[in-house]
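Q: Let me give you the structure first, and then I'll get to my questions.
The values are calculated or read from the model by the stated rules, or taken from the named source; none is laboratory data. Keep in mind that this is a model prediction, so the values were computed, not measured. Glycine also receives a Cβ, built like all others from the backbone with ideal geometry; neighbour counts cover every protein chain displayed. Only protein heavy atoms, including side chains, enter the accessible area calculation; ligands, DNA and RNA are left aside. Shrake-Rupley method; radii C 1.70, N 1.55, O 1.52, S 1.80 Å.
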Amino acid sequence: MTSRLAILVALGIPLMFLTNWSGAWVFWLLFCLVLWLLDSLLAPSPRFLVITRSLPISLRMHTKTPYTITVANPTKRKYRIWLRDAWQPSLHARANEERLVLNPKTTQDLEASFTPERKGTLSSDAVTVRSFGPLGLGARQFSAPIVQTVKVLPEFRSAKFLPSRLQTLRRLEGNTLLTHRGQGSEFDSLREYVPGDDVRDIEWHVSARNRVPVVKTWRPERDRNVIICIDSSRTSAVRLGEFPRLDANMEAALLLGALASSAGDRIHLIAFDNQIRAHIQPSRGAGLVGEMASTMANLDSSLTEANWRGLGQTLLSSIRQRSLIVLLTGLEAGLDRSPLMPTVEALASRHQVLLASAMDPEVRSLTTEMDTPEEAFLAAAAMADSEERRKASDLLGMLGARVLNTGPDELPPLLADTYISLKRRGQI
């Protein structure tokens, strides 16, 4: 039934007051019912329409992505239809409800779009079509079974930091027009000595043959292992402003993966809580960031404890070459009694360990507001929390790890800068 039928029934109300016939309202309702039934029967069947979707392979969070719905009318009848393409609300599908007029033997394309606000794999199992009769009083409805899915990838907001870090990395490797060479431990070439060069780099045999001092130049090592471990346990569910900590960790992992891959290093990605949730084998190249984003699309926080002992045993048994191990987790109270400490100590004895934690920016702001007694108590609690984090960082530093503890927006660029700094000093 449509709103036109309700309007038609309402038009009969004044007739009841213009006639003395007691059965007028029954006659009018029967008349409207017969018209509606005939109109519905005369409506062309929507089952004959051919409906297809052209969906993108993947979507990015908070990015508008278009797609197309194609409706074909292979019959000789004219269709007046209402089409609804229903998806989950988090996709924010636009133009998913359309009224169309399809002439015989014609095809029409509908332009629609997604603007997703949550990552993951989302599906739709049908497109609903309602075909109206000539009078528009009734319609016939059919849900075409079109089962399709779309994968929503993380947003990767930190991609804006990538060009400047790549430029720094190229200067470090001596790949630009500048003559500056980065410091490392992998031999690059020989050149004449200039004042200021380290005399320990003089190649004496070559200098004796050429009768001029010649020094070795070094460049940062390539083809190294960078193992990125994302903690998806309960600490990753903590909201840091607008987003949970897991989102900040994934942003940092994507930026570091893109940067390290451009530097020629091999990237491992492990997401874990009480078990391994995702794992990318050593990889590099242009498609690495897309593979990482696709792997993390279905990654969610788990309200369980992180299995640090299991992670440490897995890394120590599978990684033989000295590597950079990046632990993206949270610094919480009682960390000194956590299994994280012996795991970091064991890993730091053979690898370069970097622990990166995104802290709540609200905690930092609370320490500066003490105008009222309530604010003073909150500030004291925030200071105590910050002091516990500082002690945990110092303890991790004594065990051989390098700790980064900053806000969620500052974590990705800080992690990238730390990676470049480690490459410059030849520590990886």
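Q: Compute the length gained on full extension between SER90 and THR68: take 0.36 nm times their separation in residues and subtract their Cα-Cα distance, giving the result in nm to one decimal.
A: Gain on stretching SER90 to THR68: 6.0 nm.
Q: Moving on to the next point. Over what distance in Å are the Cα centres of region 332-367 and region 66-144 separated?
A: So the two Cα centres are separated by 51 Å.
Q: Counting only heavy atoms of protein chains, what accessible area per residue, in Å², does region 1-121 have with a probe of 1.4 Å?
A: 63
Q: Then there's this: When averaged across all projection directions, what area in nm² does the alpha-carbon convex hull of region 291-352 cover?
A: That works out to 5.3 nm².
Q: Among [x] 122, 64, 42; [y] 77, 41, 40; [z] 120, 73, 39, which is the computed Cα extents along the principal axes in Å?
A: [x]
Q: Next question. Picking from ASN307, ASN103, ASN298, which is most flexible by a Gaussian network model of the chain using Cα springs under 10 Å?
A: ASN103
Q: Which of the lysines could a cross-linker bridge to LYS216, judged by Cα under 19 Å and excluding same-chain residues fewer than eight apart?
A: Result set, ordered by chain and number: LYS423.
Q: With the chain treated as a Gaussian network of Cα nodes joined by springs under 10 Å, which of LEU311, LEU102, LEU255 yields the largest mean-square fluctuation?
A: LEU102
Q: If you don't mind, there's one more thing I want to ask. Considering the alpha-carbon set of region 244-358 alone, what are its Rg and its Dmax in angstrom?
A: Cα only, region 244-358: 13.9, 41 Å (Rg, Dmax).
Q: Does region 252-310 come out rounded, prolate or oblate, given a ≥ b ≥ c as the square roots of the eigenvalues of its C-alpha gyration tensor, rounded meaning a/c under 1.5 and, failing that, prolate meaning a/b above b/c?
A: Here region 252-310 falls in the prolate category.
Q: Considering only PRO373, PRO342, PRO413, give the residue with the highest GNM mean-square fluctuation for the chain, with springs between Cα atoms whenever their separation is below 10 Å.
A: Checking each option, the largest mean-square fluctuation is seen for PRO373.
Q: Right, next: Would you mind listing how long region 279-428 runs along its three principal axes, going by Cα atoms, in whole Å with the largest first?
A: 55, 36, 32
Q: Give me, ordered by chain and number, the residues 5 or more places off TYR193 or on other chains with an amide H under 5 Å from its own placed amide H.
A: Counting only residues 5 or more places away or on other chains, the set is VAL214, VAL215.
Q: I would also like to ask the following. Return one whole number: the accessible area per residue of region 330-428 in Å², for a 1.4 Å probe.
A: I get 48 Å² per residue for region 330-428.
Q: Rounded to whole Hz and in sequence order, give me ³J(HN,Hα) for region 312-322 from the Karplus expression 6.51 cos²θ - 1.76 cosθ + 1.60, θ = phi - 60°, writing x for Gly and Pro.
A: Calculated HN-Hα couplings, in order: x, 5, 5, 5, 5, 7, 9, 10, 9, 6, 4 Hz.
Q: Tell me the mean residue ellipticity at 222 nm calculated for the chain from its helices only (DSSP H runs of n ≥ 4, each -39500 (n - 2.57), averaged over every residue, nearest 500).
A: When only DSSP H runs of four or more count, the value is -10500 deg cm²/dmol.
Q: How many percent of Cα pairs in region 1-128 exceed 24 Å?
A: Tail fraction, whole percent: 51.
Q: Let me ask something additional. Measure nothing fancy, just the Cα-based angle from helix 245-262's long axis to the longest principal axis of the chain, in degrees from 0 to 90, nearest 10.
A: In the chain, helix 245-262 runs at an angle near 60 degrees to the longest axis.
Q: Compute the signed sum of charges (Lys and Arg +1, Asp and Glu -1) over the other residues within less than 12 Å, Cβ to Cβ, of GLY397.
A: +1
Q: Further, regarding this structure: Taking all protein chains as present, what is the carbon and sulfur share of the accessible area of the chain, in % to the nearest whole number, probe 1.4 Å?
A: Here carbon and sulfur together make up 55 percent of the probe-accessible area.
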